[in-house]
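Structure, as structure tokens:
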Amino acid sequence: MKILAISVGSERTISDESSGSDGAIRSAIFKKPVDGKIMLRLRGLDGDMQTDVEVHGGFERAVLVYSWDNYSIWRQELSRDDLAYGEFGENFTVEGMVDGDVHIGDLFNVGGAVVEITHGRIPCHKLAIRFGDPGFPKLFLKSLRTGFFLRVLEEGYVGAGDTFRRLAVGPERITVKEAVDLLHGTAVDPDRLAALAGISALALSWRKRAENKLARP
């Protein structure tokens with residue numbers, strides 16, 4: 001498990017007919033790889049703007065991770081051969097670390113930093129704009145190949161080629177894939193949902209969603 005590329009983005013205006021009368025929003029989803037080492041801080045990478053911190057940013061969503069292993073699947077499913085590092089708006093494009101192999105609460109050392117997995121990614125309409133397809137976010141979520149967010153516990157420099165060394169496995173061994181399915185997919189398992197809600201590393205928004213789902217008749 002290692003970083004293949006680190007990508008950052010600047011805020012820019014992008015076209016979105018669904019956003020309002022002017023059909024434009026501000027976003028930093030268009031990210032490009034950087035060279036050398038870059039500082040990973042509690043709120044994210046130096047040079048990476050986070051326009052909407054309800055979706056990407058803050059302490060619980062400092063870094064978005066996506067596996068290069070998923071790219072080959074998307075190339076086939078989308079009939080595209082031009083997908084490059086950072087295409088899905090991720091900060092870390094990694095080798096390995098697919099959604100079914102890592103867990104909510106997993107703790108890693110990478111480069112000079114220590115990070116933990118807080119929750120999976122739920123795509124928003126900006127991903128639809130990025131791919132020019134209003135139906136893509138729904139397809140992306142249904143695939144359960146969403147990627148995940150990291151909380152930074154110890155700041156440090158990171159760079160392409162740095163490996164992830166797992167320091168601890170998430171307490172309930174609930175993979176990112178299972179967590180996404182439990183909260184946003186078709187999985188129905190109250191016991192596992194309750195276990196997910198009890199993981200201390202889980203992002204607050206996901207804990208509330210799990211608790212609300214458990215409270216339904």
Of F148, I117, L127, farthest towards positive along the dipole that unit charges on Lys, Arg, Asp, Glu beta carbons give the range 64-217: L127
What size of dipole, in debye to the nearest 20, comes out for the chain about its Cα centre when the only charges are +1 on Lys and Arg C-beta atoms and -1 on Asp and Glu C-beta atoms? 300
Classify the range 84-169 as rounded, prolate or oblate, taking a ≥ b ≥ c as the square roots of the eigenvalues of its Cα gyration tensor: rounded when a/c is under 1.5, otherwise prolate if a/b is larger than b/c and oblate if not. prolate
Can you sort K37, K31, K138 so the residue with the fewest Cβ neighbours within 10 Å comes first? K138, K37, K31
Give me the orientation-averaged projected area of the Cα convex hull of the chain, in nm², one decimal. 11.8
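Figure the gain on full extension for L214 and V188 (residue separation times 0.36 nm, minus the Cα-Cα span) and round it to one decimal in nm.
Once the chain is fully extended between L214 and V188, it gains 8.3 nm.
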Farthest toward positive dipole pole in the chain [+1 Lys/Arg, -1 Asp/Glu at C-beta], among P217, L182, S200: P217
Please give the contour-minus-distance gain from Q76 to R165: 0.36 nm per residue of separation, less the Cα-Cα distance, rounded to one decimal in nm. 29.0 nm
Quick one: if the Förster radius is 30 Å, what FRET efficiency do L4 and K138 give, using the C-beta to C-beta distance and rounding to 0.05? 0.65
List the relative contact order of the chain as a percent without decimals, with contacts defined as Cα pairs under 8 Å and 6+ residues apart. 24
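Every read-out reported here was derived from the displayed coordinates using simple, explicitly stated rules and does not represent laboratory data. This is a predicted model, so every value here is computed, not measured. With ideal geometry, Cβ positions are generated from the backbone for all residues, glycine too; neighbour counts draw on all protein chains shown.
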